[in-house]
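Here the structure comes first, spelled out in structure tokens, and everything after it is commentary.
Taken together, the values in this text are just the output of simple stated rules run on the coordinates, not laboratory data. Quick caveat: nothing in here was measured; it's all calculated off a predicted structure. Cβ sites come from the backbone with ideal geometry, for glycine too, and all protein chains shown count toward neighbours.
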Amino acid sequence: MKYSAAKVCTMIIVTATILSACGTQTTDRAVLLAVEDDPTISFRLCFYVGSQCDPEGKEGLAALTATMMSGGATTVRSYEEILEELYPMAASYGFSVDKEMSVLTGRVHIDNLEEYYPLLLDAVLRPGFTDADFNRLKTNMINGIEKSLRYSDDEELAKAALYNFIYEGTPYGYLNAGRLSSLNNITLDDVRDFHRTWFTRDNVVVGLGGSYEPSLLKRLMEDLHTLPESATEPPSPPTPVDINGLELLVVEKQCDATAISFGFPIQVLRGDEDFWALALFNSWFGEHRNSSSHLYQIIREARGMNYGDYSYIEIFPNGGRRQMPAPNNARRQQLFEVWIRPVQHEHRHFVLRAAMRELKNIVDNGMTEEQFNLTKKFLHKYVLQYATTTSDRLGYAIDSKFYGIRGDYIELLRSRISKLTLEQVNDAIRRHIQYENMKIAMVTQDAESLIEAFVTNAPSPVTYSTPIPSEILAEDEEIAVFPLPFYRENIRVVAVDDMFE
Amino acid sequence: MKIFIQIILIVCIIGGSSMANTDGKGIFPYRTHVEVLDNGLTIIMIPMSSGGLMTYYSIVRTGSRDEYEAGKTGFAHFFEHMMFRGTKNYPANVYDRMVIEMGANANAYTTDDLTAYHLSFASEDIETVVALESDRFQHLSYEEGPFQTEAGAVYGEYRKNRTNPWEVMTEALRRTAFKTHTYGHTTIGFEADIKVMPTLYEYSKEFFSRYYRPENVVLLLVGDFDTENAMTLIRKYYGGWERGYRPPDVQQEAPQTKERRFNDIYDGRTLPLLVVAYKGRRLDPGDRTMVAGLMLGDLLFGETSDIYRKLVLNEQKVQFISAGFGLNRDPGLWSIYSMVKESKDIQYVIDEIDRTVEHFATTLVSQTDLDKLKRRLKYSFLMNLDTPNKVAGRLARPIAITGGIDVVNELYAMYDSITPEDIQLATQTWLTPQRRTIGTVTGRQQP
């Protein structure tokens with residue numbers, strides 16, 4: 001019983017459209033990763049349906065439908081029976097729903113495959129959609145927004161506020177879980193209709209990995225073929241409205257610290273020519289949860305003002321819990337985003353200035369040769385850690401299919417980064433990153449004093465109770481008066497109780 | 001399912017150190033090499049194929065449990081931050097730069113029983129990692145200024161945590177459940193103690209000198225690497241590390257004699273949180289009743305339990321109910337958590353928990369249900385060993401608590417031998433009203 005996760009390419013070809021020679025194999029309908037010594041089987045069933053497909057007034061329908069499929073009864077078994085059967089296998093399955101895709105992820109030890117497989121497939125093919133599950137899961141979703149997101153996680157609240165602000169008026173412009181008002185409008189018949197419309201046989205890509213037998217893929221494809229055909233096209237990609245100057249959304253609530261997120265839409269997707277250069281820039285500027293992040297060095301390391309500061313060129317859900325990016329949030333529209341972890345209220349103006357000043361510096365001056373070389377070296381090995389499990393690698397391969405990337409994304413990322421020049425990176429920064437038109441979301445209290453300070457560009461000096469090097473203090477003087485042109489007409493205050501209505 | 005332990009101890013003397021191999025016939029599927037240097041440093045090596053990556057854990061068997069002095073709560077965690085502040089050989093910026101150049105994923109965490117420093121990196125960089133890690137564990141050196149700045153970052157972490165009502169609950173729970181033992185405070189520490197951290201520069205050096213010693217540290221290496229080469233490097237770089245560990249004066253908690261209660265307020269809004277926490281027993285894989293106790297959480301309150309079916313699925317009175325019956329060096333807490341939808345139902349949920357405990361204390365669990373749980377424990381363990389990081393992450397705690405890796409096979413072998421009678425006895429022994437603390441946290445403003 002000795003396992004090792006050796007990479008063994010025992011290949012199964014369903015159609016002839018092979019995009020990769022080794023590792024994951026991508027066909028028209030499937031992404032495969034045979035790993036002979038992995039004692040488990042990983043499934044990822046990716047349906048091209050997400051919150052962008054919610055009908056108007058029924059926002060949250062995609063999420064509720066998927067949640068009912070994986071967290072409720074089937075026509076074959078009650079939910080209690082399903083839990084009962086999964087329990088001894090220590091296995092589970094669950095949907096994740098983003099704007100454009102909903103992915104059913106499951107994993108089981110090979111010993112238990114025969115017992116597990118029908119449970120997983122019934123969730124897709126034969127969901128029960130019972131009244132009891134509907135009430136339970138809808139209430140959970142409403143509580144998740146109304147009680148948890150609004151009141152017990154200010155970092156996630158600031159991020160959600162920023163995304164809704166940036167994509168306002170587009171099919172990306174609300175939580176994947178919907179709106180409180182629309183969730184209450186959804187009926188069980190809506191869920192059934194949505195499942196029939198979107199969970200169709202030609203709208204799914206199968207991800208299968210681990211030590212599976214070739215016959216499993218055939219069985220899976222045949223079973224999924226019993227789903228109906230699609231009759232609906234997804235909506236066009238969103239077109240976010242232009243941002244004029246600095247636009248601020250203050251979510252006002254009583255809280256101990258201020259959470260800040262800011263950003264703007266970018267026109268670069270994974271696989272685009274400038275993507276690789278921006279990936280290098282972003283890693284240097286704000287690699288997620290890594291002390292190599294420049295913003296982290298400026299705000300946390302040198303000044304101890306918060307717990308961490310990062311940036312992104314692709315959506316990164318669950319940043320507070322994940323160290324590495326989760327796959328299967330592929331989108332046709334992405335954003336540049338900066339995440340400032342909570343700071344003391346008295347530092348909120350200063351820290352925003354410090355982050356914006358760093359952004360301006362890099363846009364105006366570009367990266368230096370030294371920064372460029374170091375980041376290149378870092379990323380070449382670090383990206384190997386993005387996807388270490390069979391399931392994550394399958395997820396990345398599904399995303400590559402979405403973006404039309406040939407071959408293994410991580411390998412491609414390494415190879416493209418190794419070929420980059422400093423000039424290419426700085427050109428890409430100039431083309432896509434800017435600091436003048438920005439949407440900013442802040443979760444904080446006493447909004448009026450914040451706004452007054454912002455619109456008057458009041459200096460925001462800080463003091464430290466601990467000794468700080470003189471060069472940092474000298475820089476602080478510049479930061480404290482760094483101009484941020486805010487205008488009252490570009491500032492909106494929303495009470496937390498009114499968020500996500 | 002049959003699990004049997006067969007640990008072959010090949011004790012041999014290699015350059016003054018002892019070495020043991022386990023042959024992989026217990027539940028743990030990988031071959032394990034264990035070696036102890038003359039200075040007491042234990043090295044556990046687990047080679048596995050992993051695409052050229054490996055994980056390197058330095059496990060310090062000191063966590064917030066060891067903060068026995070007044071006013072020093074949170075110090076183990078704070079000190080973890082200081083370990084990134086460099087040495088004379090490798091000042092912080094040089095250390096950071098080298099870690100960046102390796103593309104390593106480097107981080108650390110602190111819990112009640114341990115502090116772990118971990119790096120994942122390409123195996124070709126092993127010598128650099130051994131050199132860097134051995135250096136900071138022996139020669140850490142920082143000025144008072146950066147020390148004080150770091151205290152600010154810790155306070156920031158505290159503030160981040162306080163926006164989560166569960167953190168409020170954990171602090172109140174520990175404070176109520178323990179009167180003398182250091183489990184009475186959270187790992188982040190009390191706010192008052194965090195505020196004075198900047199004044200404790202001298203103490204920080206004392207802390208390092210007491211606890212960052214080879215006898216109190218275990219190295220855990222997992223992934224694609226050559227064990228002989230690794231040992232050669234470790235002997236070279238850690239061989240001169242001097243002994244000097246001074247155990248903390250942790251006062252054991254007197255037996256609890258009656259039920260305790262607390263009701264705390266969270267500044268924001270939240271659905272009411274409920275915890276019912278019983279005093280457990282320290283990890284001892286040879287103690288049947290202790291091991292049966294660990295199984296109670298899942299058996300009585302897991303997703304297939306009657307109470308879960310009733311409260312979550314049928315009556316839908318709670319958002320969830322779950323149990324955390326964990327491993328600790330000293331007797332810790334075995335807790336049942338719930339998020340109740342309406343305050344008026346809190347007592348009802350407590351009554352249901354009582355009914356569940358009463359049932360298992362008076363009725364033998366069916367062999368079928370017990371077998372399902374055993375199967376679950378086995379697969380839950382086996383399915384989470386697929387990357388070096390996950391293997392090391394899974395093992396760090398039992399290794400920190402016991403100082404070795406044998407505990408893993410021993411524990412799972414004991415799970416396999418537990419009978420319905422053991423479960424009943426464990427329920428009667430551990431889940432009694434006088435051993436427990438019941439607590440609630442409600443939002444200042446009611447939703």
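Descriptive notes on the structure:
- With coordinates expressed along the principal axes, the C-alpha atoms belonging to chain A extend over 68, 51, 41 Å, beginning with the largest.
- Whole-number D in µm²/s for the protein assembly as shown (Stokes-Einstein; Kirkwood sum over Cα pairs; 4 °C, 1.567 mPa s): 44 µm²/s
- The angle between the Cα long axis of helix B:367-382 and the longest principal axis of the Cα atoms of chain B comes to about 30 degrees, rounded to the nearest 10.
- Candidates A:F378, A:T466, A:I340 compared by Cα position along the dipole of region A:246-498: farthest toward the positive end lies A:F378, with charges placed on Cβ.
- Taking label points 7 Å from Cα along the Cα-to-Cβ direction, A:A231 and B:S417 give a separation of 6.4 nm.
- Rounded to 5, percent antiparallel among DSSP beta bridges of the protein assembly as shown: 75 percent
- Linear extension gain, A:S181 paired with A:D272, 0.36 nm per residue minus alpha-carbon span: 29.0 nm
- Placing +1 on the Cβ of every Lys and Arg and -1 on the Cβ of every Asp and Glu, with no other charges, gives the protein assembly as shown a dipole of roughly 1160 debye about its Cα centre.
- Dipole axis of chain B (+1 Lys, Arg; -1 Asp, Glu on Cβ), positive-most option in B:I234, B:V276, B:F147: B:V276
- Dipole moment magnitude, nearest 20 debye, region B:12-238 about Cα centre, only Lys, Arg, Asp, Glu C-beta charged: 540 debye
- Size of chain B: Rg and Dmax of its alpha carbons, in Å, are 22.9, 67.
- Straight-line cross-link partners of A:K58 among the aspartates and glutamates, defined as a Cα under 13 Å from its Cα and at least 8 positions apart when in the same chain: A:D189, A:D190, A:D193, A:E501.
- Qualifying trypsin sites (Lys or Arg not before Pro) in region B:159-261, where qualification requires a DSSP coil assignment and no more than 13 other C-beta atoms within 10 Å, comprise B:K179, B:R243, B:K258.
- Ratio of Rg to Rh over region A:82-132 (Cα coordinates, Kirkwood Rh, two decimals): 1.00
- In degrees, nearest ten, helix B:420-430 long axis to first principal axis of chain B (Cα): 90 degrees
- If only the Cβ of Lys and Arg carry +1 and only the Cβ of Asp and Glu carry -1, the dipole of region B:260-443 around its Cα centre is close to 340 debye.
- Helical mean residue ellipticity (222 nm; -39500 (n - 2.57) per DSSP H run of 4+; nearest 500) of chain A: -11500 deg cm²/dmol
- Sum of side-chain charges, B:P285 neighbourhood, beta-carbon under 13 Å (Lys, Arg +1; Asp, Glu -1): -2
- B:I44 sits among other residues whose Cβ lies under 11 Å from its own Cβ, and their net charge, with Lys and Arg +1 and Asp and Glu -1, is -2.
- All aspartates and glutamates inside 19 Å of A:K419 as judged from Cα atoms, apart from same-chain residues fewer than 8 positions distant: A:D272, A:E273, A:D274, A:E369, A:E370, A:D408, A:E411, A:D427, B:E101
- Cut-off 13 Å (backbone N to label point 7 Å along Cα→Cβ of A:E370), residues of region A:279-304: none
- Between 0 and 90°, nearest 10: helix A:422-432 axis offset from chain A longest Cα axis: 90 degrees
- Lysines whose Cα lies under 16 Å from that of B:K310, excluding same-chain neighbours fewer than 8 positions away: B:K341
- Using distinct alpha-carbon pairs, which all enter the 1/r mean, Kirkwood radius of region B:12-238 in Å: 18.8 Å
- Rg ratio (alpha-carbon, reference 2.2 N^0.38 Å) - region A:246-498: 1.04
- Label-point separation, A:E56 to A:N244 (7 Å along Cα→Cβ), nm: 2.4 nm
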